[in-house]
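Here's the structure we're looking at; comments come further down.
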Amino acid sequence: MYKTALYLSSFISCVIIVFLMFQFWDEKYERKYQRKYLYKIPAMVYVVVVMSVNILMNPLYNLLANMVMIGGVSFGLYEGEKFGRYRIYESAALFTILSLTEAAGVYLIDFLMENLQIMPANQELLRSIEYIFSKLVMLFLYYVLFVRLWRRRVVRTTSQYFLYIAMFFFGMINILAMAFLAAEERPALLMMVVCSIILLNMFLLLFMKYLDERNFYKLQNEMMRQQEELRLRNYEVQNNVYRKALSILHDVKKHISMIEALYGGNREEAPDYTRQINDMLKPLMPIKYVNNPILNWLLTDKLQVADRYGILFEMDVSLGDVDFMKSIDITTLFGNLLDNAVEAAGKCSAEKYIGILLKRHNQMLYIRIENSIESAVPIRNGMISERKKGIGILNIERCVDAYGGEIIYKNSSNRLVCEICLTIEK
């Protein structure tokens, strides 16, 4: 009975390790081949090889087997921007980290069982308990902590973290109960607990993966929706200007005739009428701030909005060149930056200020937007706190990442400063 539990625990332990490694490769690198069986078969071979070596109970053999499989799979089945040897190093580093968490899990469960005086006398049962608990610790730390190292954005709610913690402690209580039942010599109940803990491990693994994927696609959908709303809003503004222009052009002959009549007769009213026509045409006469028409229109529109809110808007953009960017990225990046600045400055009760600077230096474009704020924005390591990030800020970060850039936020004397550097592609 105990030997069966050991084999079962060892098998599920190997499955979890292989699952996490393949998930890491799929997220960080690109698959070389399209056929799925070319990845399922090596995964099954990996499980069989590691399981077979585990039976020997030799840590050195176990390490060598894993490193050989990791090197073969990461080099032979995946590709990326870096050379193959770097993929091997990164994969080996992840496996080392997972092994350390596994060792920490073994130490923790042994410490708990020893202090609770429920340490199993049977070594096979003890090994089974260590296998199961160490994998529970590994899963918990992998999804809650480690995955953030290569996933730029992990979207999770507070309730989701509470759920992860609750599931972890539920599994730990079950494992301690397993050790207690072993001391009571109840093998049937013991096997039931073993099976339930194994099922819990698998459920925890799949459930965490599902929630992360769900949140990722939900975020992507929200970001795309926000992009479309921004484009639609800009289209509606341009459409209103277009309609206004058509209305003026429709009556242009009448206006010209009226001016001629006034200058021919009542010359005193002619200058006033001319000024009125000039005021009507002024909003339709675009000011050229930059060479790019999309950015120029965004700046013109936001300048008018800022004027309505009583915001002082200063620009130094003549040296900016954004023609290397896609049109949709220009709208998304600068539209969100300017919208956020206008919204924040408009809420201020004292100074209302927005300043924008664009400057090209060699193959880099420097963007600086500074705006008044009512209260300091929570910033950590140059980035706005995750709990304060909206879809607009996430879209800004996506655009910056797309052009190999960096973004830094900082508070400065009741102002929020956003500095961005983008790489200009040749």
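Just so it is clear, none of the values below were taken in a lab; they were calculated from the coordinates. Please read these numbers as outputs of a predicted model, since none were measured by experiment. Virtual Cβ from ideal backbone geometry, glycine too; neighbours counted across all protein chains shown.
Listed values, structure above:
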item: Gyration tensor (alpha-carbon) shape descriptor, the range 288-423, a/c threshold 1.5; result: oblate
item: Greater than 31 Å apart at Cα, pairs in 32/410; 135/389; 3/40; 326/410; 28/389; 3/28; result: 32/410; 135/389; 3/28
item: Residue order, fewest to most beta carbons within 10 Å, for 393, 354; result: 393, 354
item: Pair residue 116, residue 423: separation of 7 Å Cα→Cβ label points (nm); result: 5.2 nm
item: Protection proxy ranking, peptides 60-69, 28-37, 296-305, average beta carbon neighbours within 10 Å, highest first; result: 296-305, 60-69, 28-37
item: Ordering of 397-408, 129-140 by burial proxy (mean other Cβ atoms within 10 Å per residue, highest first); result: 129-140, 397-408
item: Residue 361-residue 124 pseudo-label distance in nm [points 7 Å out on the Cα-to-Cβ vector]; result: 6.9 nm
item: FRET efficiency, residue 410 to residue 374 (Cβ-Cβ, R0 22 Å, nearest 0.05); result: 0.85
item: Förster radius 22 Å - calculated FRET efficiency between residue 145 and residue 96, Cβ distance, rounded to 0.05; result: 0.90
item: About the Cα centre, charge dipole magnitude for the range 1-79 (Lys/Arg +1, Asp/Glu -1 at Cβ), debye; result: 200 debye
item: Distance between modelled label sites at residue 68 and residue 27, nm, 7 Å Cα→Cβ extension; result: 2.9 nm
item: Protection proxy ranking, peptides 13-23, 374-384, average beta carbon neighbours within 10 Å, highest first; result: 13-23, 374-384
